[in-house]
Amino acid sequence: METVDIRKIRKKMEKMMDHKRFDHTLGVAYTASALAMCYQEDLNKAQIAGLLHDCAKCMDNEKKIAICQKHHIPITDIEQRNPFLLHAKVGSHIARKKYHIHDTDILNAILNHTTGRPGMSQLEKIIYIADYIEPGRTHAPNLKQVRQLAFTDIDATLLKILQDTLEYLKDIDSPVDPMTQQTYDYYMNNSRKKQKKED
Ligand code: DGI
Ligand code: FE
Ligand code: FE
């Protein structure tokens, strides 16, 4: 991988984001590093993806939509109705164009950090999980258990987070992105297959 100046990215994120979002960003980068140590994933990639994952979060919805239109990034029905979801797609685009990240695994980790996707790479899983469990998060249910599980069984953690997210969306009557549902179905299926093999 090409050399990327992590300190430079961190400084740029600090300038671009409000304090709360920057604290969250650092939390995700450090948590992703710890998970990368645990699962022998590339530490540099984990830090870069962690620092950049929400780089489009502080942008208003009109701007996110305009960037998608300008660069022919397709907007799905649910994204049109819930444009905050676009911060993942737009973030991945900005990481490539503005931060010159060309590693597809890092770009995918940013792209899929909100909904997940079936067949995620190890780095994608790490960012998805780090985003949910970083120390600054306080509201998610079962956080204590999920935080412990994250360092023992990565796929079980993924499934638990997806399950809790779907439940939360149902509770607040928020529409589910088909990708979130597909990701849950995929990992649920995997878990059942694994269980069957062990029986
Ligand atoms: O950007 P962050 O807040 O750090 O985290 P994120 O990008 O994972 O976004 C979290 C929010 O996304 C959380 O409130 C749940 C929501 N979310 C995840 N999947 C879906 C979703 N919201 C909707 N409406 N539909 C989804 O499928
Ligand atoms: Fe996000
Ligand atoms: Fe985040």
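The values are calculated or read from the model by the stated rules, or taken from the named source; none is laboratory data. Here the structure is a predicted model, which means the values were calculated and not measured. Neighbour counts run over all protein chains shown; Cβ positions are idealised from the backbone, glycine included. For the accessible areas, the whole protein counts, side chains as well, though only heavy atoms, and no ligand, DNA or RNA atoms are used. Shrake-Rupley method; radii C 1.70, N 1.55, O 1.52, S 1.80 Å.
Yes/no matrix, rows are residues, columns are (1) at pLDDT below 95; (2) open to solvent by less than 30 Å² (accessible area, probe 1.4 Å); (3) within 15 Å of the chain's Cα centre (by Cα):
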{"residue": "His87", "(1), (2), (3)": "no, yes, yes"}
{"residue": "Ser92", "(1), (2), (3)": "no, yes, yes"}
{"residue": "Lys97", "(1), (2), (3)": "no, no, no"}
{"residue": "Lys125", "(1), (2), (3)": "no, yes, yes"}
{"residue": "Tyr132", "(1), (2), (3)": "no, no, yes"}
{"residue": "Ile154", "(1), (2), (3)": "no, yes, yes"}
{"residue": "Leu166", "(1), (2), (3)": "no, yes, no"}
{"residue": "Gln181", "(1), (2), (3)": "no, no, no"}
{"residue": "Asp199", "(1), (2), (3)": "yes, no, no"}
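Looking for whichever is within 16 Å of ligand 2 (Cβ to nearest atom) and polar (S, T, N, Q) here; the options are Thr157, Thr104, Thr183, Thr152. Which one fits? Before you say what the answer is, go through the steps one by one.
Values: Thr157 fails: within 16 Å of ligand 2 (Cβ to nearest atom); Thr104 fails: within 16 Å of ligand 2 (Cβ to nearest atom); Thr152 fails: within 16 Å of ligand 2 (Cβ to nearest atom).
Exactly one residue qualifies, and that residue is Thr183.
Here is a yes/no grid of residues against (1) surrounded by fewer than 16 Cβ atoms within 10 Å (Cβ to Cβ); (2) in contact with a Gly (Cβ under 6 Å, 6 or more places away or on another chain); (3) farther than 19 Å from Asp5 by Cα:
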position: His19; (1), (2), (3): yes, no, yes
position: Thr25; (1), (2), (3): no, no, no
position: Ala29; (1), (2), (3): no, yes, no
position: Gln47; (1), (2), (3): no, no, no
position: Asp103; (1), (2), (3): no, no, no
position: Leu107; (1), (2), (3): no, no, no
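Considering only the stretch 1-117, give the helices (runs of 4 or more DSSP H) lying wholly within it that have at least 3 residues that are within 16 Å of ligand 3 (Cβ to nearest atom) and in contact (Cβ under 8 Å) with a residue 24 or more places away in the chain. Reasoning before the result, please.
On the way: elements: 6-16, 19-38, 43-52, 61-70, 77-81, 86-97, 104-111.
Answer list for the stretch 1-117: 6-16, 19-38, 43-52, 86-97, 104-111.
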| remark: Conditions (1) in a loop (DSSP other than H, G, I, E, B); (2) closer than 30 Å to Cys38 by Cβ -> Ala130 fails only (1)
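Any residue that is closer than 23 Å to Glu79 by Cβ and under 18 Å from the mean Cα position of the chain (by Cα) - is there at least one of those in the stretch 145-152? Don't jump to the end; show me each part of the working.
First, pick out the residues of the stretch 145-152 that are closer than 23 Å to Glu79 by Cβ: none.
So far as the stretch 145-152 goes, no, none of its residues is closer than 23 Å to Glu79 by Cβ and under 18 Å from the mean Cα position of the chain (by Cα).
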